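Working notes for the structure below.
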Amino acid sequence: MVEAEGAEFQRKVALAFFTGLLILGIALYWGWALMYDTWYPFTTGNIGAYTIYVPLIAFGIIGILLYKKKPAKA
């Protein structure tokens, strides 16, 4: 079954992509906080970074939850 192997590969690629988004979002948060010595994202100067790393983290978590479980066999 070539289709099942291809689908499994696509699922693994998507899972790796969403894991990368999550890691990138967390790394951006930590990097920004260490660079500017601020851990509170809601201040006026930090709102730009907040609008970048929150969607990265959110899409990463949602994607991991969607692609983590193997699809049920028919």
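The values are calculated or read from the model by the stated rules, or taken from the named source; none is laboratory data. Bear in mind that the values here come from a model prediction, so they are computed numbers and not experimental data. Reconstructed Cβ throughout: ideal geometry from the backbone, glycine too, with neighbour counts over all protein chains shown. We work out accessible area using only protein heavy atoms, side chains counted, and drop any ligands, DNA or RNA first. Shrake-Rupley method; radii C 1.70, N 1.55, O 1.52, S 1.80 Å.
Summary table
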read-out: Per residue value of the accessible surface for the chain (all protein chains in place, 1.4 Å probe), Å²; value: 79
read-out: Mean residue ellipticity (222 nm) of the chain, computed from DSSP H runs ≥ 4 via -39,500 (n - 2.57), nearest 500; value: -27000 deg cm²/dmol
read-out: R0 of 25 Å, Cβ-Cβ distance VAL54-GLU5: FRET efficiency to nearest 0.05; value: 0.10
read-out: Cα→Cβ-extended label distance, 7 Å offset, between THR38 and ILE61, nm; value: 2.3
read-out: Extended-chain gain in nm, criterion 0.36 nm per residue less alpha-carbon gap, LYS12 and LEU24; value: 2.5 nm
read-out: Mean Cα-pair separation over length for the chain, i.e. relative contact order, pairs under 8 Å, 6 or more apart, %; value: 45
read-out: Within the chain, longest stretch clear of exposed chymotrypsin sites (Phe, Trp or Tyr not before Pro) (DSSP loop, no more than 13 other Cβ within 10 Å); value: 1-38
read-out: Gaussian network model of the chain, Cα within-10 Å springs - most flexible of LEU15, LEU24, LEU34; value: LEU34
read-out: Degrees separating the helix 2-36 axis from the principal Cα axis of the chain, which is the longest one; value: 10
